[in-house]
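Below is one structure, written out as structure tokens; comments come after it.
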Amino acid sequence: MYPYSNGFSLNQLYQASSPQYTAPIRHFLRSNDNRRCISKTEADYMAMNQLLWMEHVNWTRMTIISIVFNLPDLPFVQQRLLRNATDLGNCLRPFYGDSIADRYTALIKEHLLIAAQLVTAAAKGDAATAEAKERDWYRNADDIAHFLHTINPYLSREAIQKMFYMHLALTKTEAVTMIQKDYQADVDIFDEIEAEALAMSDMIASAIVMQFCYLF
């Protein structure tokens, strides 16, 4: 169970969407009896991490679009995407120092670069390269899971690995449906990508809050 978890799964944490909203991610939290007060510092930190993971999946999506449709903005979009790795690394810097933050930045950057290489190969129909890059992608996910578990005892390596594997699977489906011009499925899968990224953000950030509770 993650820090401050009430035991519900992601789907159980949310009630049905309010009628005025259409996107599945815009839900109201289920009421429960073990709510707690949090500081503004913690709320800001959790929100910042959520924003960065939303940027992660949004700029990844824009990169996929630029690759699949051979758009001239690809170098600029990808450059902006890679800034996300720096930003996520900087989320660790105040707590773990420069060496660990820089290592996390490098791991996330590798994750993003491999994803772009995988989509590029798939768009060209180069199955052999795509399969090799997918293996590299999952190896990188294992490295990230091991790294986060090593620096934070509140992060289970298995839980992080499972979450990143889901992130990779959803992103691959996003790219494949776009390549196949199944645009409705591609849009639908992105709702799942957003929800999963928010869950991953909360998992990591709440573990940091637990480990460094005296700073929050």
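The values are calculated or read from the model by the stated rules, or taken from the named source; none is laboratory data. Since the model is a prediction, treat every value here as computed from it, not as a measurement. A quick note on method: Cβ atoms are made from the backbone with ideal geometry, for glycine too, and the neighbour counts reach across all protein chains shown.
The one condition from (1) on the phi > 0 side of the Ramachandran plot; (2) touching a helix residue (DSSP H, G or I) at 6+ places or on another chain (Cβ under 9 Å) that GLY97 does not meet is (2). Of the residues THR129, THR150, THR171, THR177, the single one that is surrounded by 16 or more Cβ atoms within 10 Å (Cβ to Cβ), farther than 21 Å from GLN50 by Cβ and among the hydroxyl-bearing types (Ser, Thr, Tyr) is THR177. When restricted to residues that are under 18 Å from HIS111 (Cβ atoms) and touching a residue at least 12 places away in the same chain (Cβ under 8 Å), the range 47-65 contains 13. Of all residues in the range 95-146, those satisfying the criterion of being basic (Lys, Arg) and either more than 26 Å from ALA205 (Cβ to Cβ) or in contact with a Phe, Trp or Tyr (Cβ under 8 Å, 6 or more places away or on another chain) (or both) are ARG103, LYS124, LYS133, ARG135. Screening SER17 against (1) of a type in the set (Gly, Ala, Ser); (2) at pLDDT 85 or above; (3) more than 30 Å from ARG157 (Cβ to Cβ) leaves a single unmet condition, (2).
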